[in-house]
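Notes follow once the structure below has been shown.
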Amino acid sequence: MTKVLVVDDNADLVETIRQILEQRGGYQTMVSTDGVDALNKALAEPPDLAIVDVMMPGISGHEVCRRLRAEPATASVPIIVLTARGQLVDRQAALDAGADDYIVKPVTMEELLERVTQMLARQDAERSPAVAGTIVLLSMRGGVGTTTLAVNLAASLAQAGDGAACLVDLCPSSGHVALQLGLRPEPNWSDFVRAGIPDTAAIGARLLRHDSGLHVLASPLFPVVGPGLARPVVQTMLRDLEQRFAATVVDAPPVLSEGAMAALEAASAVGLVVTAEAASIQAAVGTLRVLRPWLDRTWIILNQVSPGAHLSTEAVERTLRRPLLGSVPFDTDQARGLAQGEPAVLHRPTSPLARAVEELAQSLARNMAGAAVGQ
């Protein structure tokens with residue numbers, strides 16, 4: 001679990017910060033009201049991030065920063081200076097001492113939590129290899145949240161920079177990718193059903209752009225009659241998108257159509273989405289048999305779409321005989337966010353769902369990098 005060190009001589013403030021970090025952020029905290037004590041705790045058990053006050057008895061927060069930077073075990077720990085001193089010279093002094101960020105009191109706990117989450121996310125992104133290639137998310141059982149995961153994962157990857165990611169909705173029966181992003185699905189790929197193989201201009205003309213920088217190839221608003229996109233069309237689309245974007249996330253339909261099979265053949269990684277209930281696990285067992293040609297790049301993602309008791313993680317892994325890539329908890333605000341076209345990763349970055357998706361992206365990057373080395 002991510003550990004955050006909180007150092008401030010105001011014991012009441014330390015307790016307030018501890019509660020918000022643990023209860024809202026899900027972090028483990030290490031607290032201290034004394035600079036020397038804080039240094040001893042940090043060296044004994046290096047934190048993942050430190051929040052440090054400036055004005056403290058004994059040694060100042062600036063000195064705490066300098067000593068943390070001088071020790072190999074804590075030299076790279078992100079440091080946020082939290083102080084009532086708000087002049088430019090005070091900010092520069094904190095940065096010169098080794099702080100990465102500077103927050104002036106008073107500050108709301110929501111803002112502090114968001115700054116902590118953002119800084120940890122940046123550090124994780126720097127440490128982890130980037131997700132690159134085509135990532136297919138699928139489930140042969142509906143209602144397991146595959147589209148929500150695809151939208152949030154793609155939005156997360158898009159934050160690496162404009163043009164970094166594209167999201168493809170292959171559902172032939174009015175997919176919900178555009179809806180969850182607050183976009184109208186016009187234009188979309190419907191013209192490709194009866195036309196020949198699309199050229200790069202035709203594909204580019206049908207890409208929607210979200211305010212976040214994420215690009216979307218949407219499914220048609222009304223269901224497609226017939227088998228949907230042909231295999232050569234999907235192959236051409238995905239090859240073109242791989243040239244345009246670092247990562248392409250595909251929301252595959254819950255049926256192994258020609259288009260879905262083409263996406264699997266093009267995939268650098270396949271995420272099989274399951275929930276911890278019997279019907280979903282049964283469907284996943286059968287799906288894994290079909291995915292045998294791609295098992296070396298297939299990972300299981302556990303997504304909880306409802307509250308209450310579920311099968312344990314261990315039971316899911318034991319039944320599927322594969323470890324989980326990641327687990328996404330149930331989020332009570334998810335329904336509201338979807339209705340308003342607000343993916344959690346973009347609009348509620350400190351929410352449990354958003355943080356789990358960020359961790360999922362990092363795990364995916366590491367596993368994809370490991371699989372590439374093993375080939």
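Bear in mind that the values in this text are calculations on the coordinates, not laboratory data. Computed from a prediction, not measured in an experiment: that's the story for all the values here. Glycine gets a Cβ as well: all are built from the backbone with ideal geometry, and neighbour counts include every protein chain shown.
Note down the relative contact order for the range 45-161 as a percent, whole number, built from C-alpha pairs under 8 angstrom at least six residues apart. Spell out each step's value before the answer.
On the way: 104 pairs, mean separation 23.5, N = 117.
Normalised by residue count, the contact order of the range 45-161 is 20 percent.
Taking Rh as the Kirkwood radius computed over C-alpha pairs, what is the Stokes-Einstein D of the range 201-333 at 25 °C in a medium of viscosity 0.890 mPa s, expressed in µm² per second?
146
Tell me, what is the percent relative contact order of the range 223-375, built from C-alpha pairs under 8 Å that lie six or more residues apart?
On the way: 151 pairs, mean separation 26.1, N = 153.
In percent, rounded to a whole number, it is 17.
Among all stretches of the chain without exposed trypsin sites (Lys or Arg not before Pro) (DSSP loop, at most 13 other Cβ atoms within 10 Å), which one is longest?
In short, 1-193.
Using the number of other C-beta atoms within 10 angstrom as an exposure proxy, rank H176, H215 with the fewest first.
The order, fewest Cβ neighbours first, is H176, H215.
Kindly express, to the nearest 10 degrees and within the range 0 to 90, the angle between helix 278-290's C-alpha long axis and the longest C-alpha principal axis of the chain.
It is inclined by approximately 70 degrees.
Would you kindly calculate the translational diffusion coefficient of the range 203-261, applying Stokes-Einstein with the Kirkwood radius from alpha carbon pairs, for 10 °C and a viscosity of 1.306 mPa s, and quote it in µm² s⁻¹ without decimals? All intermediate terms of the calculation are to be shown ahead of the outcome.
On the way: Rh = 12.7 Å.
After rounding, the answer is 125 µm²/s.
Could you list D100, D53, D169 in order of exposure, starting from the residue whose Cβ has the fewest other Cβ atoms within 10 Å?
The order, fewest Cβ neighbours first, is D100, D53, D169.
About the Cα centre of the range 251-307, how large is the charge dipole given +1 on each Lys and Arg Cβ and -1 on each Asp and Glu Cβ? Please answer in debye to the nearest 20.
The dipole of the range 251-307 has a size of about 160 debye.
Please report V64, V285, V89, V224 as a ranked list, fewest other C-beta atoms within 10 angstrom at the top and most at the bottom. Show your work: numbers first, answer last.
Values: V64 30, V285 13, V89 8, V224 17.
Ordered by Cβ neighbours within 10 Å, fewest first: V89, V285, V224, V64.
If you take every residue apart from N10 with its C-beta less than 13 Å away from the C-beta of N10, what net charge results, scoring Lys and Arg +1 and Asp and Glu -1?
Neighbour charge sum, excluding N10 itself: -4.
Between D211 and E317, what is 0.36 nm times their sequence separation minus the Cα-Cα distance? Round to one decimal in nm.
That works out to 34.4 nm of additional length.
Using unit Cβ charges (K, R positive; D, E negative) and no other charged atoms, how large, in debye to the nearest 20, is the dipole of the chain about its Cα centre?
1140
When you count, for each residue, the other Cβ atoms within 10 Å and take the mean per peptide, how do 228-235, 145-152 rank with the highest first?
145-152, 228-235
Sorted from largest down, give the three principal axis spans of the alpha carbons of the chain, whole angstrom values.
75, 45, 42
Can you give the Rg/Rh ratio of the range 3-127, where Rg is from the C-alpha atoms and Rh is the Kirkwood radius?
0.92
In nanometres, what is the gap between the two model label sites at R336 and D296, each 7 Å from Cα along Cα-to-Cβ?
Simple spin-label model gives 4.7 nm for this pair.
At a threshold of 8 angstrom on Cα-Cα distance, excluding pairs fewer than six apart, so keeping six or more, what relative contact order does the chain reach in percent?
Worked out over the chain, it gives 17 percent.
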